[in-house]
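The values are calculated or read from the model by the stated rules, or taken from the named source; none is laboratory data. Remember, it's a predicted structure, so these values are computed and weren't measured experimentally. Using ideal geometry, Cβ is built from the backbone for each residue, glycine included, and neighbour counts are taken over all protein chains shown. Only protein heavy atoms, including side chains, enter the accessible area calculation; ligands, DNA and RNA are left aside. Shrake-Rupley method; radii C 1.70, N 1.55, O 1.52, S 1.80 Å.
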Amino acid sequence: KANNYNIQDRSDIEKTTDNYSIVVKNIEKTYQSCCSESNKAINNMSFTLKYGDCFAMLGVNGAGKSSMFKCLTNQILPEKGEIIINNLKVSTDFESCRKLVGYCPQFDAIFEDMTVKENLLFYSNIKGIPSDMIENITTSIIKDMNLSEYTDKISGNLSGGNKRKLSVAIAMIGNPDIMLLDEPSAGMDPEARRAMWSVIHKITKISKKSSVILTTHSMEEAETLCHKMGIMVKGQFKCFGSAAVIKENYGKVSNFLFS
């Protein structure tokens, strides 16, 4: 059944949302193809996160990870279910919810004719960062993401990995309560990937000010960053838990996870 592996027992979700930064309840999303065949990208999914949690959604392409992110950011509307961010319903209070969210989409949302710093200055203004703080904030983010040597480089001329670093940096502006990172390390070299891991580790495990959901194809990345992870197959969680629990229970039957 789709609900066997919910991160939080459904009865607990129904009782209260006060203790959670994100509550996802019974989300379903179906796409209709040109041949009139329906494809259920998200199949009755439920989970919760608390502040300081980092959760990884793993799965092959087409498992429903990006569709779930699009529901979380109100890019698509599910046919069923509810998403609550900091006690605000995404379906009715999205203008308030979006101020709490930093989002790194699967495809880079950067202005390629602007420099790295200009991108960060632009998004800082969009997010309402006080003008007297913008310079310090952008300089700090550039340093944290190892982009210092590219500060004045045109973004369109960056490598794929550095474009991803810039997209992650944009998501981090303003220390948002919720960070959604869709394959944030795609194209990064090992050194850049570990630098990004260090930043996310500081945000979640040390300061515990933000909740992070990320999608990844890397078990190493999920193990390094995440308290919990869920493996998605055809819009459902086939299993969830810590890396140790998943390896112990499913490590020898990996074919089951992607069947």
Next item on the list: May I ask you to verify whether residue 149 is charged (D, E, K, R), under 29 Å from residue 48 (Cα atoms) and either buried (at least 17 other Cβ atoms within 10 Å of the Cβ) or modelled with pLDDT of 85 or more (or both)?
Entry: no
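Quick one: which helices (runs of 4 or more DSSP H) lie wholly within segment 61-128 and hold at least 3 residues that are free of Cβ contacts under 8 Å to residues at least 40 places away in the same chain?
Those helices (runs of 4 or more DSSP H) span 90-97, 116-126.
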Note to self: I need the full set of residues from segment 118-137 which are at pLDDT below 95 and over 25 Å from residue 95 (Cβ atoms), in order please.
What the structure shows: 132, 135, 136
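Quick check on this structure: which one of 13, 22 is closer than 21 Å to residue 77 by Cβ and at pLDDT 85 or above?
Checking each option against the conditions leaves just 22.
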Check: What tally of residues in segment 91-102 results from selecting those that are open to solvent by less than 60 Å² (accessible area, probe 1.4 Å) and closer than 17 Å to residue 212 by Cα?
Finding: 4
Check: Do the conditions hold for residue 110, that is, is it buried (at least 17 other Cβ atoms within 10 Å of the Cβ) and closer than 28 Å to residue 158 by Cβ?
Finding: yes
Item checked: Residue count, segment 175-217 (criterion: within 16 Å of the chain's Cα centre (by Cα) and either under 23 Å from residue 66 (Cα atoms) or open to solvent by less than 40 Å² (accessible area, probe 1.4 Å) (or both)) -> 28
Next item on the list: Pick out, from segment 155-259, the strands (runs of 3 or more DSSP E) lying fully within it that include 2 or more residues that are in contact with a Cys (Cβ under 9 Å, 6 or more places away or on another chain) and either of a type in the set (D, E, K, R) or at pLDDT 80 or above (or both).
Entry: 178-182, 211-216, 228-233
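Quick grid of which residues meet (1) among the acidic types (Asp, Glu); (2) touching an Asp or Glu at 6+ places or on another chain (Cβ under 8 Å):
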site: 102; (1), (2): no, no
site: 116; (1), (2): no, yes
site: 124; (1), (2): no, no
site: 132; (1), (2): yes, no
site: 179; (1), (2): no, no
site: 185; (1), (2): no, yes
site: 196; (1), (2): no, no
